[in-house]
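Down below is the structure, laid out as structure tokens.
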Amino acid sequence: MNPPKRECRQCWFHAYEIHKGNWLGLAPRKDCPECLDHLKNGHPDHMIVR
Ligand SMILES: [Zn+2]
Ligand SMILES: [Zn+2]
């Protein structure tokens with residue numbers, strides 16, 4: 001599976017593969033520092049799919 005355009009690769013991958021669709025969805029996990037960092041500081045430009 002590949003993330004759709006304009007999605008953040010990390011967050012997409014985490015949501016679909018690691019957090020099983022829960023991140024940014026029904027039950028976001030609060031124990032993932034990488035996702036929390038993106039949520040706080042935004043997604044790095046180089047991680048956005050072009
Ligand atoms: Zn995560
Ligand atoms: Zn992100």
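Annotations for the structure displayed:
- In plain terms, the chain from L36 to V49 could stretch by 2.7 nm, reckoned as 0.36 nm per residue minus the Cα-Cα distance.
- Counting Lys and Arg as +1 and Asp and Glu as -1 over every other residue whose Cβ lies under 13 Å from the Cβ of V49, the net charge comes to +2.
Every read-out reported here was derived from the displayed coordinates using simple, explicitly stated rules and does not represent laboratory data. Just so it is clear, the model here is predicted, and its values are computed rather than measured. When we count neighbours, we look across all protein chains shown, and the Cβ atoms used for this are built from the backbone with ideal geometry, even at glycine.
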